[in-house]
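Below: the structure, in structure tokens.
What follows draws every value from the coordinates through simple rules; no lab data is involved. Please read all numbers here as calculations on a predicted model, not as lab measurements. All Cβ positions, glycine included, derive from the backbone under ideal geometry; neighbour counts span all protein chains shown.
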Amino acid sequence: MGKKIIVNGIELDEADLEVSRFDAAEYLSEDEELAELYLKNALETASQAEILQAFKTLARAKGMTQTAEKAGIARENLYRALSGKTEPKFSTMQRLANALGYELSFSIKPIST
């Protein structure tokens with residue numbers, strides 16, 4: 001018999017609780033507006049590793065093979081570029097963004113003190 005857990009006054013067995021792994025790609029594949037917000041948020045607030053992860057997640061949502069083909073990048077090279085183990089070239093990131101339907105650009109602003 002499993003351990004009892006009480007949630008909002010309801011007694012449950014551990015077997016009653018099913019936990020699944022969250023995969024953002026499942027939600028980004030069909031919702032273009034959500035995908036854009038997801039990527040913009042990563043670009044505005046995240047570290048380089050998190051930005052690469054956001055691009056990787058969105059590429060998985062769109063299909064890595066299709067994304068690589070649209071970007072003109074071998075699928076293996078796309079995986080490598082988004083692995084976090086290397087720093088992809090800016091040109092690679094531009095091609096990836098274009099393949100995903102976005103234009104990658106920079107802006108500059110003074111550092112707030």
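Structure above, values below:
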{"quantity": "Label-point gap, in nm, between ASP13 and TYR27 - each point 7 angstrom along Cα→Cβ", "calculated": "3.2"}
{"quantity": "Under Karplus coefficients 6.51, -1.76 and 1.60, residue-wise ³J(HN,Hα) of the stretch 6-12 in Hz, glycine/proline x", "calculated": "10, 10, 6, x, 9, 7, 10"}
{"quantity": "Additional length obtainable on full extension of the chain from PHE90 to ILE51, 0.36 nm per residue less Cα span", "calculated": "12.7 nm"}
{"quantity": "Helix-derived mean residue ellipticity, 222 nm - over the chain, DSSP H n ≥ 4, -39500 (n - 2.57), to 500", "calculated": "-15000 deg cm²/dmol"}
{"quantity": "DSSP-loop trypsin sites (Lys or Arg not before Pro) across the stretch 1-92, with at most 12 other Cβ within 10 angstrom", "calculated": "LYS3, ARG21, LYS85, LYS89"}
{"quantity": "Percentage relative contact order, the stretch 62-113, counting C-alpha pairs under 8 Å, at least six apart", "calculated": "32"}
{"quantity": "Relative contact order of the chain, pairs being alpha-carbon contacts under 8 Å that are 6 or more residues apart, as %", "calculated": "17"}
{"quantity": "Reported label for calculated Cα Rg over 2.2 N^0.38 Å given (1) 1.54; (2) 1.44; (3) 1.34", "calculated": "(2)"}
{"quantity": "Amide H within-cut-off set for LEU12, under 5 Å, with H built and near neighbours excluded", "calculated": "ILE5, ILE6, VAL7"}
